[in-house]
Amino acid sequence: MSTSPLIETFQQAGQGQVFAFWEGLSPEEQENLLAQAGEIDLAEIAELKRTLLDKDASAALDLEGLEPAPYEPLPEHGGDAAAWSEARERGEEALRAGRVAAFTVAGGQGTRLGYDGPKGTFPVTPVTKKSLFQVFAEKIRAAGERYDQPLHWFIMTSHQNHEATESFFQKHDYFGLSSERVHFFRQGRMPAVDFEGKILLESKGSIALSPDGHGGSLRALGRSGALELMEKEGIDTISYFQVDNPLVRCIDPAFIGWHIGRGSEMSSKMLPKAYAEEKLGHFCTQNGHLVVVEYSDLPMELQRQTDANGKLRFIAGSIAIHLLDRDFASRMAAGGDLPFHRADKKIPTVDASGNPLKPEAPNGIKFEMFVFDALPFAHNPLVIETRRADDFSPVKNAEGADSPQTSRDDQLRQFARWANAAGANVAVDESGLPAVTFEMSPLFGDDEASFAASWGRLEPKPVIGDGLVLE
Ligand code: UTP
């Protein structure tokens, strides 16, 4: 056995099985295995064994002092219209001053969608089948043009999809953005372990590593140098969104204005849950902190609780849209405060002789961090309400709810709404879905007002019919 110090360290930590097939590996395979092992923080794994494996993993959430979180309602739900328009102006000022960057987390595995390739390359618009990445790129470009200040866009990838993501952007010429303002970096990985906390091999010469969750974005922002670059560029506000939601307002001036005006270190958008069982995390407060409690953790009787007016008490659903203060992100990146969550999974591995093993039942654990777990660490955290129709229709599943079909229909409803508000006559059904399939680029209009302005300039006005594309 070679005497690489790393191998000895693993042996001393009780993780020597990682090198069980070392002698039979080629020099290249050995090098690769050592590099993977070098990524692993053994003290962290030992700590996770102690906190997530040894204690009762099914321990219920501590409900002591858990209350629904306050949030800033929209004007149509009782919010202060003047404060909303002030927030918008403040946000626009920040955008003109170049203080804001867009940030997409695009490192997930997209298992539910079952699409072969980075999820951001998934074709999503109704007519031209633009990719998710192109939709975001055009929204970011539109904001840059409107505020006369091109934005930087940071994209977190995984080891698995990094190259494919970069080459997709190269192939499409960065969708009209300057390549100097689009920054890719990989998220971290965590090893999977068996139920005894032993690190699992994926094959004789490689460790079962998987992305460390969207919460890994905070560490990755720090490690990659992205936060340093932001500082150099005068960016102090990071607009965080997921790769799977084509409706998201990547850059939302009112949200930015609320966040800055309140001196918040981390702000989030909420939607009133459509029904008690809707699978969204819940914004809550506990011991003076803002927290998100996952739908699987909040007892159903609390999810169904209503107030005197029959409104759900725990109504504020999280849709994974956040703003982060740059200094706060730096603090979180350095501090290692985010907890890991365990997920019991079927993890392909090898048996004692090194033969591939495809388990039929969960045989181990993956560790992931969640970005919303940063909220309790933020000063003055803030939650504001948003409209579902303008911000949220993710592509998660191949079929059914939150699928390409529902997301396409929601895009069409938005297009029809904006067109009708501008005086076009688009027939829609009772759900707002138009009978015709058309499309508009965010560069033509990315909200009701900008659509109306572009539409007003169009002469002659086209007939809105099947296949029309407004760019
Ligand atoms: P999801 O929780 O929907 O996971 O990610 P997923 O991996 O994309 O899909 P499934 O669960 O395998 O079907 C929400 C967002 O967080 C990002 C995803 O890319 C998506 O934008 N994410 C998730 C990461 O960037 N890294 C991760 O490790 C996990």
Only residues that are outside any helix (DSSP H, G or I) and among the hydrophobic types (A, V, I, L, M, F, W, C): list them for segment 127-156, please. Val127, Leu151, Trp153, Phe154, Ile155, Met156
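Per-residue answers, yes or no, for (1) more than 20 Å from Ser158 (Cα to Cα); (2) at pLDDT below 95; (3) in contact with a Cys (Cβ under 8 Å, 6 or more places away or on another chain):
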| site | (1), (2), (3) |
| --- | --- |
| Ser179 | no, no, no |
| Val193 | no, no, no |
| Ala208 | no, no, no |
| Ala226 | no, no, no |
| Met230 | yes, no, no |
| Gly234 | yes, no, no |
| Thr237 | yes, no, no |
| Phe241 | no, no, yes |
So, Ala164, is that one buried (at least 20 other Cβ atoms within 10 Å of the Cβ), of a type outside the set (Asp, Glu) and either in contact (Cβ under 8 Å) with a residue 60 or more places away in the chain or within 16 Å of the ligand (Cβ to nearest atom) (or both) or not? no
Among the candidates Arg219, Arg223, Arg181, Arg141, which residue alone is of a type in the set (Lys, Arg), under 23 Å from the mean Cα position of the chain (by Cα) and crowded, with 21+ Cβ neighbours inside 10 Å? Arg141
Counting only residues that are closer than 22 Å to Arg189 by Cβ and within 14 Å of the ligand (Cβ to nearest atom), which one in segment 227-254 is surrounded by the fewest Cβ atoms within 10 Å (Cβ to Cβ)? Gln242
Would you mind finding the one in Ala208, Ala192, Ala220 that is in contact (Cβ under 8 Å) with a residue 40 or more places away in the chain and in contact with a helix residue (DSSP H, G or I) (Cβ under 9 Å, 6 or more places away or on another chain)? Ala220
Select from segment 81-115 the residues that are more than 16 Å from the ligand (Cβ to nearest atom) and part of a loop (DSSP other than H, G, I, E, B) and write down the one among them that is nearest to the chain's Cα centre (by Cα). Arg99
Take the conditions buried (at least 21 other Cβ atoms within 10 Å of the Cβ), polar (S, T, N, Q) and more than 14 Å from the ligand (Cβ to nearest atom) and apply them to Ser206. Does it pass? no
Looking at (1) within 11 Å of the ligand (Cβ to nearest atom); (2) surrounded by fewer than 23 Cβ atoms within 10 Å (Cβ to Cβ); (3) closer than 26 Å to Glu471 by Cα, which is the only condition Lys129 fails? (1)
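The values are calculated or read from the model by the stated rules, or taken from the named source; none is laboratory data. Bear in mind the structure is a predicted one, so any value in this text is a computation, not a measurement. Every residue, glycine among them, receives a Cβ derived from its backbone with ideal geometry; neighbour counts consider all protein chains shown.
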